[in-house]
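The values are calculated or read from the model by the stated rules, or taken from the named source; none is laboratory data. Keep in mind the model is a prediction, meaning the values are calculated, not measured. A quick note on method: Cβ atoms are made from the backbone with ideal geometry, for glycine too, and the neighbour counts reach across all protein chains shown.
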Amino acid sequence: MADRILNIGFIGNGKGTNRYHAPFSLALPQKFRIKTIYARYMGGPWPRIPGVEYTTKIDALLSDPEIDVIEVSTPIRTHYNLTRQALKAGKHVVCDKAFTESEAEAEELYELAAEKGVTVQCYQNRRFDSDYLTAKKVASSGKLGRIYEIVTHYDYWREEFFQMAHQSAYHWSEGIVYGHSCHCVDQLIAWLGIPERWHAEARQLGGTGHPDMAFDFDLYYDKVGIKATAAASYLAAIQRPSFEVYGERGTFIKVEKDQQERDLKKFYLPVGNDDFGLDTPEQYGTLRYYDDEGAFHEERVPTVRSTYSAFYEALYETVAHGAPQLVKPEETMAQLRILEDATMDLR
């Protein structure tokens, strides 16, 4: 496909589309155009994007020959069927996290994409979180020596979620594991590869029959001697560090998560704001280590500048030029195996 602007059609007009997808494709007007947004019902708090067609008819996307990529940004229980429809229509597809409810569903979608000659991948934008990229940079600098442990947290204080859990039953895929652990697990897989073994635990803090509100995953990379832990809770009034990296010569701690999400929640968007997603020096991580001569060092590590638009840069290269897709099928299926293990007793 020659260089040209690719047309995107969205399935869903909620927070995912308007907060986490649209701002970052709109930041690349030379590569992407949002042509159509479909939702069963229109309305809600999100202002309409100028120049975009809004429709309540899904065929307006599926049958439009000008649409190159369909993005599915809807509740997880709809992902498999909607992604399957889009693939059958011959469209490239990006589906929000978590990709599907099972590895078997994911495998079927990858096979369908190959049959249709298109691509499908999960929108793992958190591969471009600045805290994650900073931790990776420190680990690769050599200052910590051999890395033996990595810990990441994704804590929230969501007391209202706990209260709601006491009032009504939830589907097992609506808890923290499929809602947020998929970010952490994907980051670790993208960084370290697929683990040789793991232990995955989900906890129903509201009691049996209610959604999981805490997780604790240990991923073991025995060949390189690294244990990677991802843990989080929806009842953490004091949030644990975003990343901890432990090596034979020292430790790196980054307390605060990526700034992009906090900016987005305030409708402070990447287009027109040069300091979008930028950490202040107070948010920098701390590195303490001993050098080859045994001298002690402590420094504040400037946060790597990043943007979720990098996902769209990679998507463009895949769809327009045939480059390998950023989020590989084997990575997503490995992640789903871990998520399935964690929630097996909740189903």
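Residues of segment 202-223 that are surrounded by fewer than 16 Cβ atoms within 10 Å (Cβ to Cβ) and out of contact with any Lys or Arg (no Cβ under 9 Å at 6 or more places or on another chain): Gly207, Thr208, Gly209, Lys223. Val319: outside any loop (DSSP other than H, G, I, E, B), in contact (Cβ under 8 Å) with a residue 24 or more places away in the chain and among the β-branched types (Val, Ile, Thr), yes or no? Considered against the rule, which asks whether it is outside any loop (DSSP other than H, G, I, E, B), in contact (Cβ under 8 Å) with a residue 24 or more places away in the chain and among the β-branched types (Val, Ile, Thr), Val319 comes out as yes. On the basis of being more than 25 Å from Ala314 (Cα to Cα) and charged (D, E, K, R), does Asp64 make the cut? No; evaluated as a whole, the condition is false for this residue.
This table checks each residue for (1) under 28 Å from Gln335 (Cβ atoms); (2) touching a strand residue (DSSP E or B) at 6+ places or on another chain (Cβ under 6 Å); (3) in the same structural domain as Gln187 (by TED's automatic domain parsing); (4) at pLDDT below 95.
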site: Gly44; (1), (2), (3), (4): no, no, no, yes
site: Val52; (1), (2), (3), (4): no, yes, no, no
site: Phe99; (1), (2), (3), (4): yes, yes, no, no
site: Thr119; (1), (2), (3), (4): yes, yes, no, no
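Determine whether Leu61 is in the same structural domain as Gln85 (by TED's automatic domain parsing) and more than 24 Å from the chain's Cα centre (by Cα). When the stated conditions are applied, Leu61 passes them. None of Asp263, Asp279, Asp274, Asp292 is touching a residue at least 12 places away in the same chain (Cβ under 8 Å), of a type in the set (D, E, K, R) and either farther than 23 Å from Val151 by Cα or not in a loop (DSSP other than H, G, I, E, B) (or both) except Asp263. Within the option set Thr152, Thr229, Thr208, being under 18 Å from Leu346 (Cα atoms) and β-branched (Val, Ile, Thr) holds for one residue only, Thr208. Would you confirm whether any residue within segment 224-243 is hydroxyl-bearing (Ser, Thr, Tyr) and over 26 Å from Gly175 (Cβ atoms)? No. Kindly establish whether His297 is outside the structural domain of Val151 (by TED's automatic domain parsing) and modelled with pLDDT of 95 or more. For His297, the condition - outside the structural domain of Val151 (by TED's automatic domain parsing) and modelled with pLDDT of 95 or more - is not met. Residues of segment 43-50 include none that is in contact (Cβ under 8 Å) with a residue 60 or more places away in the chain and of a type in the set (A, V, I, L, M). Which one is modelled with the lowest pLDDT among residues in segment 153-178 that are buried (at least 21 other Cβ atoms within 10 Å of the Cβ) and small (Gly, Ala, Ser)? Here the residue is Ala165. Looking only at residues of segment 1-42 that are touching a helix residue (DSSP H, G or I) at 6+ places or on another chain (Cβ under 9 Å) and charged (D, E, K, R), we find that the one that is modelled with the lowest pLDDT is Asp3.
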